[in-house]
Amino acid sequence: MSLNDLHTMGVAELATAIADGKTSSVETAQALLARAKQHQNLGAYLSFNEDLTLAQAKAADARIAAGERGPLLGVPLAHKDIFVTQGFPTTAGSKMLEGYKSPFDATVVANLAKAGAVTLGKLNCDEFAMGGSTENSAYQVARNPWDTTRVPGGSSGGSAVAVAARLAPAVTGTDTGGSIRQPASFCNVTGIKPTYGRCSRYGMVAFASSLDQAGPMARSAADCATLLSAMAGPDIDRDSTSLDHPAEDYTRLLGAAREGASAAQPLKGLRVGLPKEFFGEGCAPDVLAAVRAALTEYEKLGATLVDISLPRTQLSIPVYYIIAPAEASSNLSRFDGVKFGHRAAQYDDLIDMYKKSRSEGFGPEVQRRIMIGAYVLSHGYYDAYYIKAQQIRRLIAQDFQQAFAQCDVIAGPAAPTTAWKIGEMSDDPVANYLADIFTLPASLAGLPGMSVPAGFGAGHLPVGLQLIGNYFQEAALLQTAHAFQQATDWHTKTPEGY
């Protein structure tokens, strides 16, 4: 097998090729490392440790030689730079953590390593996962391989770029308000945010503790299911937000027809809810056209489309941008220049050290959110803003439960537009925030959601179809996405030159 072909293969293909001896984990890792460095202009990777990567690959090859098999054994992956990873810097895209190396692995990283996955490197992201374009990275701007003048989305922009440009077969990401689903939509890859608490937050640099959730990004729903099966599981001893819910095989329903369905219509009986709030004037016509065409395909597969309403969708933006900054201001208070993190070189006293260290270490967007969070948590405003936002959050979750009484899965656009030009929204943070309108409700409710490639809009820019399931329905959600991908080829499309 030619080393030039390895980047074209997904997780399942690579695992089979390595297990069958057609290639080795070492050869695969070397080829992908060379490719990643060749395309550093895309800004996908922040760091490598080639010696450690090849040592992990050699260990995987030894396990295979001893007769061991596994769906991830020997497969090289890459991690968003929000997960602490032994042997690699972990910066969270911030100058505040420049040069930091963790003495331990995040649980998600450790779980994938246990399954035999090899770490290629750390991926670019918006600073502390705050942003929707990866322009807030303190190190470099990530570029969308479909049009390098445009953003890849964020905050998991480097992750989406790595998969879209075939620099890694699959990656990890995190989703706080849509940071897996929106960049997956912009870059024509598949990504899933599981039910809040499914994946441990231990070792994941915190942004908003009640919202942050890890998830996989890959070319297909099948590959995402394979990764999620290894990543997820209870970790209650180390993560107080981890669900005490047994680990699952999320691949178990892939390719299976629903009860009473046929091979031609594997989704017969599936009720797909279409929230009227997702299909209004706020969504670009080219995005709506692609999403509508994808929904027509679902009808061919036997699904029934049902009109529903999520009446508090518009409130999700003010609610999120009260709760998330409030939690961020608390979580980021630990970065004060005393114990770890950036410390100013010159200062007059302790207060001056705090001010200078945080002003130099944090970028503009992070400072903005810390200030908003401190404001809404302050005396006299806590009840008026933070408590009220939490009450509306509960109502948003109730809207979903009422909707799921009428349907099995909810569908709509993952983002209201295709990717915008780099710098286009830099001076308008509110416009940037509005781009999360379709992903925020599921995040606030803690529901699983994913983005699936669904075609292209104006300028041949990718459009993602968002699918939202009820709590703990990841396997059924992945089954629904997989059936669509078996009938279409949008997820196989590659940007020209990659």
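Quick rundown of the values:
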item: Scan of the stretch 443-466 for residues that are closer than 17 Å to P145 by Cβ and crowded, with 23+ Cβ neighbours inside 10 Å, ordered by number; result: S451, P453, P462, V463, G464
item: Unique match (being within 26 Å of A19 (Cβ to Cβ), open to solvent by less than 10 Å² (accessible area, probe 1.4 Å) and β-branched (V, I, T)) among V151, V108, V161; result: V108
item: Residue check for I396: touching a helix residue (DSSP H, G or I) at 6+ places or on another chain (Cβ under 7 Å), aliphatic (A, V, I, L, M), open to solvent by less than 10 Å² (accessible area, probe 1.4 Å) and modelled with pLDDT of 95 or more; result: yes
item: Filter result (open to solvent by 30 Å² or more (accessible area, probe 1.4 Å) and in a loop (DSSP other than H, G, I, E, B)) within the stretch 296-332; result: S309, P311, R312
item: Conditions (1) open to solvent by 50 Å² or more (accessible area, probe 1.4 Å); (2) farther than 21 Å from S137 by Cβ: number failed by F48; result: (2)
item: Members of the stretch 417-442 found to be open to solvent by 10 Å² or more (accessible area, probe 1.4 Å) and not in a loop (DSSP other than H, G, I, E, B), listed by number; result: K421, P429, V430, A431, N432, Y433, L434
item: Neighbours by Cβ (under 8 Å, 6+ apart or cross-chain): first from the stretch 6-25, without any contact (Cβ under 8 Å) to a residue 60 or more places away in the chain and more than 17 Å from A65 (Cβ to Cβ); second among the charged types (D, E, K, R) and assigned to a helix (DSSP H, G or I); result: L6/E27
item: From the options A36, A62, A92, A117, residue that is surrounded by fewer than 19 Cβ atoms within 10 Å (Cβ to Cβ) and of a type outside the set (S, T, Y); result: A62
item: Test: residue in the stretch 408-416 that is open to solvent by 80 Å² or more (accessible area, probe 1.4 Å) and either of a type outside the set (D, E, K, R) or at pLDDT below 95 (or both); result: no
item: Residues that are aliphatic (A, V, I, L, M) and closer than 22 Å to S94 by Cα, drawn from the stretch 21-46; result: A36, L42, A44, L46
item: In the stretch 165-174, the residues that are surrounded by 24 or more Cβ atoms within 10 Å (Cβ to Cβ) and more than 21 Å from Y139 (Cα to Cα); result: P169, A170
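The values are calculated or read from the model by the stated rules, or taken from the named source; none is laboratory data. The structure displayed is predicted, hence computed values, not measured ones. When we count neighbours, we look across all protein chains shown, and the Cβ atoms used for this are built from the backbone with ideal geometry, even at glycine. Only protein heavy atoms, including side chains, enter the accessible area calculation; ligands, DNA and RNA are left aside. Shrake-Rupley method; radii C 1.70, N 1.55, O 1.52, S 1.80 Å.
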